[in-house]
Structures are given as structure tokens and as C-alpha cells.
Amino acid sequence: MHIIKPCWYKNNIIKGRHSDSPLIAHVPKVLRRRLGEFGYNVLSVMDLCSPNNESDNMIWVMSSRHGDTNRMVQLFQNITDNELLSPTNFSMSVHNALPAMYSIKTKNTSMHTAVSAGIHSFSLGLLEAYVLCKTTKQTIGYLYYDFKLHDVYSTLAIDNQEAIIIGMTLDYTDESDLFLEYQHIKQNDFSFHLNNLIRFFCNNNDICEISMPCGQFTIKKI
């Protein structure tokens, strides 16, 4: 299985492995107001890693550890202050809100799946996309995102405190030099940082290993 058109958002910049020029999503104003800046960047990354910059009714798997904690905190504050909940914050606070907005934008009627699995959210979301690609024999879009945590969580020992987006498509085409394989093996060390994957895409390293409780992904440059 191959990885096509990986791209990412970090430090307020969108980049792709083969291009540093971001493709900004063309989002109707009515949707953009609901998305906010980070949601807008999520859709831009999805556009950038989509084949021919179109959805082609592609199945998407979206994964996020925390989702939009800023909206959640605002909702909690509304409740504390005995105020009405913001309909926009309420509808956009769930993990499948952003793929739903992308479906509306692109008129994509295929399924999408939202995954949240704690510290293993990226790897298990990738596993979901990998299995879908193997079973359906279709190109599958995969995107992981996390917002910067709200300040109210600053006292907690949580390791990913930055805003990050990583997107890619999985396919059996041989047009990509990035080969992805999965091994079902017992793991004692699950340590993996998303910055390692970004460095792999950027640099000339030949291999990147992504560990999880149930096995390990290996990405090779061939």
C-alpha cells in the first residue's frame, strides 16, 4: 500500500512533501464562519492531499485526540453562566463536524469515520484507514488533527499541546515512493511523536516506524 500526497500544518504553515505552496480551500463564507481559522486549515489540508485536489467521493477517516477544546470550554462556560448554548459551538464541537463540513463543501456523499483513541488516536485512525483501503480496494483519505489545548487544561500532564494537522491518501498505486505496511506484533514501547513523521516526510530518512498496542506501521521510501 502506498501513501500519496502527504501534507501537514504546523507552526501556522501548511506544507506538502513535494510542494511548500499551500492550496487554500475555497469555502463558502457561510461555512467558513462556522469553521473558524483552524477548521479552515483542516479543509485546506484535505484539499491538498486529495487526488487532483478533488474529493472524487473519496471515503475519509478523521482522527483527533482532543477535538476543539476551545468550543467545549465555551459551552461549559455557557452552562455555568446559565446562558443558552451557542448552536454553532454545539454542532462544531463533535469530532465528525469537520469531515461533515468537507462533505458539504465538496458534495461528497461517501461515508466518513471519526476516531478518537487517546494517545493512540493517530495510529489507530491510520489503522482504520489502512483496513478500509485493503477491504474496499479504494483510495482512502486520512487526516489527523488536534487544536492547541485551551489554557484551562494547562495544569494537566498532556503531551501534545500544539496545533497540528497531518493528511494523506492511501492507495495501491505505484506512483508514490512511500510504501506503508502493517505488522500485527506485540509492542512494549508505544512511544511515537507526530513530529517524527513530519521530519521523515521532510528529510531523507529511509524508514519511519509508528508503534501502537496492537502492532506497528512501517513507512519506507522505495
**Q.** Among the listed pairs K15/K137; K10/K137; K10/K107; K29/K105, those beyond 22 Å (Cα-Cα)
**A.** K15/K137; K10/K137; K10/K107
Q | Set of lysines near K221 by C-alpha distance (under 18 Å), chain-local residues within fewer than 8 positions excluded | A | K5
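Size of the dipole of segment 2-173 about the Cα centre, Lys and Arg at +1 and Asp and Glu at -1 on the beta carbon, nothing else charged, in debye to 20? Before the final figure, lay out the partial values.
Numbers: 15 positive and 14 negative charges, 86 e Å.
With Lys and Arg at +1 and Asp and Glu at -1, about 420 debye.
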Q. Counting alpha carbon pairs within less than 8 Å and at least 6 residues apart, what relative contact order, in whole percent, applies to the chain?
A. 26
Q. Any idea which of F201, S63, T109 is furthest toward the positive side of the dipole for the chain, if Lys and Arg beta-carbons carry +1 and Asp and Glu beta-carbons -1?
A. T109
Q: Sort segment 72-160 into rounded, prolate or oblate with this rule: let a ≥ b ≥ c be the square roots of the eigenvalues of the Cα gyration tensor; rounded if a/c is under 1.5, and if a/c is not under 1.5, prolate when a/b is larger than b/c, oblate otherwise.
A: oblate
Q) Using mean Cβ contacts within 10 Å as the protection proxy, how do 126-135, 173-182, 193-202 order, highest first? A) 126-135, 193-202, 173-182
Q) Percent antiparallel among DSSP beta bridges with both residues in the chain, to the nearest 5? A) 80
Q) Under a GNM of the chain (C-alpha, springs under 10 Å), which listed residue has the highest mean-square fluctuation: N82, N96, N70? A) N82
Q: Restricting to segment 45-166, compute how many DSSP beta bridges are antiparallel as a %, nearest 5.
A: 25
Q: Using Cα Rg over 2.2 N^0.38 Å as the read-out, say which of [x] 0.95; [y] 1.01; [z] 1.09 was calculated from these coordinates.
A: [y]
Q | Reachable lysines from K186, criterion Cα separation under 23 angstrom, eight or more residues apart if same chain | A | K134, K220
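Readers should treat all values here as calculations from the given coordinates under stated rules, not as data from a laboratory. Every value quoted in this text rests on a predicted model; they were computed, and no experiment measured them. Here the Cβ is made from the backbone with ideal geometry for all residues, glycine too, and neighbour counts use every protein chain on show.
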